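Below: one structure, written as structure tokens.
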Number of protein chains: 2
Amino acid sequence: VIIYGRNAVRESLRGRRAPAVGRLWATPAAAREAWLRERDPVLVERRELERLCGSPGHQGVCADAGPYPYVSPSRLIGGSEGLVVALDRIQDPQNLGAICRSAECAGALGVVLAERRAAEVTPAVCKASAGAVEHLAVARVTNLADFLTRAKQAGAWCYGAAAQRGRPFREPDYGPRVVLVLGAEGRGLGPRVARCCDELVSIPLRGKVGSLNVGAAAAVLMYAILQNGPRRLDRDP
Amino acid sequence: VIIYGRNAVRESLRGRRAPAVGRLWATPAAAREAWLRERDPVLVERRELERLCGSPGHQGVCADAGPYPYVSPSRLIGGSEGLVVALDRIQDPQNLGAICRSAECAGALGVVLAERRAAEVTPAVCKASAGAVEHLAVARVTNLADFLTRAKQAGAWCYGAAAQRGRPFREPDYGPRVVLVLGAEGRGLGPRVARCCDELVSIPLRGKVGSLNVGAAAAVLMYAILQNGPRRLDRDP
């Protein structure tokens, strides 16, 4: 897999995929940056870079990084505290990347993606996340409702984000182990996934536009849930 | 000005620019939607639409909407309560659109843009905001530091968002009249603008990536400031 973009490539060199990063390519201009120069990239022209990574958004640098290293879903269930963000059919790579970046910044344990009808962690997602996916734990599951059921059995509380009809998001006492479930742009949570949630929460809308962008909603909810830092208080003490 | 995109055109028909909206164009497929059919759009093919609006992102519809109706900056200074979002050299149309959408959803009074070296409310911004700019009050100023000085004289408190070195954003008691100042992607606030702020606030970063996307940061801060709703408590009682 060829990843591209300044932040994406730089974070890949110090993140979970670092051992798999092989050859780097850069334009002569981009290669002047210290972090890149010391890696001795192959110098190529912009057009050649665009051909290599298949996108004009390379910002002068790309790298052969191997496949994205997904983690096992079990790794996101076991612990005694923390926030996991579960995405139900998020299809836009920009939104997926933005949510991963916010999750990494907010200090979430990781992100879970449903395998079907959803975006994967492609190079475009890596770039949109500013390289955050190189540090973040991302897992894929075949069935998100089953994952939520397992997480609840392991002691987590599951909160689904609903555009309307949820409880105002500041009201719940979220506890130490939370799964926040976010639905697809426009359509929201699937019915089975919504039923698996312990509670639905909503961000109050005071304007005339119907909804926040899912990336903005994700950031607001993650920081609300993590505002006091994780606390120790299990579902089944 | 030709605006494009489903939400952008639909919101323009019920927003501040509505009286100026003239002819509509749509593909036969898009024109089947009820809200569009009743406006009797000119039917054209996709390629013709792309030529009309200069973008492949038209989603089957565009409209002649006249210039964007900026409001006077004074309108955003006078009131006794509310949040104004001031943007210092935000250049990316996607980010400007995302911030405007969140501002409209959160119930901000409006957004102020510096005229120089910054994005304007173009059709691309209108689309990126999902049409929110059609309802939101957006003003332009030649000098943002001067605007902040006037806002402070009128009783508002100005908070600048800083990636680091600010006070944790949940600590301040923001009061009823707030200007939130957000800086350019990567570079942050300009020094003169930062000096004009009463206080700098930061969102805690718990990961390895350097910063949140400015759109995500904007949403988190706006909802934190507006969390209790505007309160009556003037700077100079």
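Worth pointing out:
- Apportionment of accessible area to carbon and sulfur, chain B, percent (1.4 Å): 47
- The residues packed around residue A:66, meaning those with a beta-carbon under 15 Å from its beta-carbon, carry a net charge of -1 if Lys and Arg are +1 and Asp and Glu are -1.
- Going from the chain on its own to the full set of protein chains, the stretch A:97-118 has these residues losing 50 Å² or more of accessible surface (heavy atoms, 1.4 Å probe, no ligands, DNA or RNA): A:101, A:104, A:105.
- Each other copy holds its own label point for residue A:195; taking that point as 7 Å from Cα along Cα to Cβ, the gaps run 6.3 nm, nearest first.
- Between B and A, accessible area buried - total, square angstrom, nearest 100, 1.4 angstrom probe: 2600
- Neighbouring Cβ atoms from other chains, within 10 Å of the Cβ of residues in A:131-138, number 2 on average.
- Computed over neighbours whose Cβ is under 10 Å from that of residue A:184, the net charge equals 0, Lys and Arg +1, Asp and Glu -1.
- Average accessible area per residue (Å²) across the stretch A:27-170 - probe 1.4 Å, nucleic acids and ligands excluded: 44
- Remark: relative contact order (the stretch B:36-188) = 27 percent; criterion is Cα-Cα distance under 8 angstrom and separation of 6 or more residues.
- When residue B:55 is represented by a point 7 angstrom out along its Cα-to-C-beta vector, the spacings to that point in the other copies are 2.0 nm, nearest first.
- DSSP beta bridge pairing in chain B, given as percent antiparallel to the nearest 5: 20
- The protein assembly as shown, dipole about Cα centre (Lys/Arg Cβ +1, Asp/Glu Cβ -1), debye to the nearest 20: 20
- Solvent accessible area, Å² - residue B:147, 1.4 Å probe, full protein context: 0
- Taken residue by residue and averaged, Cβ atoms of other chains lying within 10 Å of the Cβ of B:17-25 number 0.
- Note on exposure: A:157, B:35 ranked by accessible area (1.4 Å probe, complete protein assembly) read A:157, B:35, with the most exposed listed first.
- 10 Å beta-carbon shell around residue B:214, net charge (K/R +1, D/E -1): -2
- Take residue A:146, move 7 Å from Cα toward the beta carbon, and the resulting point lies 6.5 nm from the same point in each other copy, nearest first.
- Accessible area per residue (1.4 Å probe, heavy atoms of protein chains only) ranks B:87, B:13 as B:13, B:87, with the largest value leading.
- Theoretical ellipticity at 222 nm over the protein assembly as shown - DSSP helices of four or more residues, -39500 (n - 2.57) apiece, nearest 500: -7500 deg cm²/dmol
- Taking a straight Cα-Cα cut-off under 20 Å and skipping sequence neighbours fewer than 8 places away in the same chain, the lysines within cross-link reach of residue B:208 are A:127.
- Rolled with a 1.4 Å probe across the full set of protein chains, the surface gives residue A:89 an accessible area near 40 Å².
- DSSP bridge orientation in the protein assembly as shown - percent antiparallel, rounded to nearest 5: 20
The values are calculated or read from the model by the stated rules, or taken from the named source; none is laboratory data. This one's a predicted model, so the numbers in the text were calculated from it and none came from an experiment. For neighbour counting, all protein chains shown are included, and Cβ atoms are generated from backbone atoms with ideal geometry for every residue, glycine included. The accessibility values were calculated without ligands, DNA or RNA, using every heavy atom of the protein model including side chains. Shrake-Rupley method; radii C 1.70, N 1.55, O 1.52, S 1.80 Å.
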